[in-house]
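For reference, the structure is listed below as structure tokens.
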Amino acid sequence: MPMLKALLWDVDGTLAETERDGHRVAFNAAFEARGLPWHWDEAHYGSLLRITGGRERILYDMNRREASPTSAGDREALARALHERKNELYGEVVRSGAIPLREGVATLMQECRARNVRMAIATTTSRANVDALLRVHLGDRWSEWFAAVVCGEDVQRKKPDPEVYLRALEVLDVQSYEAVAIEDSPNGAAAALALDIPVLVTRSAYFADSAVQGALAVGPGLDRRNDWRPALPQGAANDESVSLEDVEYWLQAVDAEAPVSAT
Ligand code: XBP
Ligand code: MG
């Protein structure tokens, strides 16, 4: 039976619904503060999420807008300045307490601490944004909860490139089959799966219906044991949150069944 040694957490969409009400709002405020007539509505932002990295996302969108600077260098500089401002504004939104952790996240983290299953953060988001979010919810010493914290600045290539997960495995000194990643997006799941790290997909608002290939299990969130594929055994109360025992159940089950694909 595979031994679970580490849980690797994605941040945006997985720990909290940060995108629609956090990053998106802050991007728009940064555009406005700069006097730019740009506004990313919920649907447009959803389509931009396939571009990972906030600066990269701005640049991608800018390259398709008429009111953008003409030289590539000026567009780069503007994207950098907007992204910096966006992250400051995002920090303010998060520090106001407007964005809770998704239900079931803190419970599973606490269980990892109690059972000495190490944890890592594996995200393409900027470190300052992770710090703002986790400081609010786990306290000033949040980083002590994690044996590795790998963020956007730590890698050359963002998800779906597996670099962020490779770094996390290296720091933890564990093999891919000894870890489980928790992700919400196809790009994030692809990054972990590229290294054969088993992935739990907890559906988030923006990726509720996205096709996911090859996940260990796909479900609505960690706060309940119902509606996961593969289904969890009945018995433990289904209104309880997903536990490490459940994660280990899926790891065992994957030996007997093909991994899940969902649309
Ligand atoms: C998150 C991202 C980030 C955030 C914005 O992806 O792609 O770009 O949207 O944060 P994942 P930054 O959940 O796969 O880590 O502006 O700091 O990039
Ligand atoms: Mg995510």
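Secondary-structure-derived ellipticity at 222 nm for the chain, considering helices only, amounts to -12000 deg cm²/dmol, per-run term -39500 (n - 2.57) for DSSP H runs with n ≥ 4.
Between Asp74 and Ala205, the distance separating the two model label sites (each 7 Å from Cα on the Cα→Cβ line) works out to 3.5 nm. The heavy atoms of Asp196 present about 120 square angstrom of accessible area, all protein chains included, probe 1.4 Å. A simple rule links phi to the HN-Hα coupling: the Karplus curve 6.51 cos²θ - 1.76 cosθ + 1.60 with θ = phi - 60°, which for region 160-171 gives x, 4, x, 3, 4, 6, 4, 4, 5, 4, 5, 5 Hz, with x for Gly and Pro. Here r is the Cβ-Cβ distance between Asp173 and Ala194 and R0 is 30 Å; the resulting FRET efficiency, rounded to 0.05, is 0.95. Accessible area ranking (1.4 Å probe, heavy atoms, ligands and nucleic acids excluded), largest first, for Glu103, Glu183, Glu42, Glu76: Glu103, Glu42, Glu76, Glu183. Share of carbon and sulfur in the accessible area of region 65-153 stands at 45%, probe radius 1.4 Å.
On a per residue basis, the chain carries 45 Å² of accessible surface, using protein heavy atoms and a 1.4 Å probe. Probe radius 1.4 Å, ligands and nucleic acids ignored: give me the carbon and sulfur share of the accessible area of region 163-205 as a rounded percent. Carbon and sulfur atoms account for 47 percent of the accessible area of region 163-205. Note on region 1-150: the alpha carbon radius of gyration divided by the globular reference 2.2 N^0.38 Å gives 1.17.
Temperature 4 °C, viscosity 1.567 mPa s: under these conditions the Stokes-Einstein estimate for the chain, based on its Kirkwood radius over C-alpha pairs, is 68 µm² per second.
Of all DSSP-defined beta bridges confined to the chain, some 20% are antiparallel rather than parallel. In a reduced charge model with +1 at each Lys and Arg Cβ and -1 at each Asp and Glu Cβ, region 77-150 shows a dipole moment near 140 debye about its Cα centre.
Net charge dipole, the chain: roughly 580 debye, given to the nearest 20, about the Cα centre with Cβ charges of +1 for Lys and Arg and -1 for Asp and Glu.
Note the angle between two axes, namely the Cα long axis of helix 244-256 and the longest principal axis of the Cα atoms of the chain, as a number of degrees from 0 to 90, rounded to the nearest 10. Relative to the chain, helix 244-256 is tipped by roughly 80 degrees. Maximal additional length on extending the Arg95-Asn116 stretch stands at 4.6 nm, based on 0.36 nm per residue less the C-alpha distance. Close amide-amide hydrogen proximity is noted between Ala16 and Arg102, each under 5 Å apart and 5 or more residues distant or on a separate chain (H modeled in the peptide plane; Pro and chain starts excluded).
Across the chain, the relative contact order, built from alpha-carbon pairs under 8 Å that are at least six residues apart, equals 22 percent. Within the listed set Leu36, Leu195, Leu134, the Gaussian network model of the chain (springs between alpha-carbon atoms below 10 Å) gives the highest mean-square fluctuation for Leu36. Close amide H partners of Ile121, meaning residues 5 or more places away or on another chain with modelled amide H under 5 Å apart, are Trp9, Ala148, Val149, Val150. The order of His39, His44, His83 by accessible area, most exposed first and with a 1.4 Å probe, is His39, His44, His83.
Accessible-area rank, largest first, for Arg102, Arg64: Arg64, Arg102, with all protein chains present and a 1.4 angstrom probe.
Computed from phi, the 3J(HN,Hα) profile of region 176-182 under the Karplus parametrisation 6.51, -1.76, 1.60 (θ = phi - 60°) reads 4, 6, 9, 10, 10, 9, 10 Hz, with x in place of Gly and Pro.
The values are calculated or read from the model by the stated rules, or taken from the named source; none is laboratory data. Given the structure is predicted, the values throughout are model-derived calculations rather than measurements. Please note: Cβ atoms are built from the backbone with ideal geometry, for glycine as well, and neighbour counts cover all protein chains shown. The area values use the complete protein model at the heavy-atom level, side chains included, leaving out ligands, DNA and RNA. Shrake-Rupley method; radii C 1.70, N 1.55, O 1.52, S 1.80 Å.
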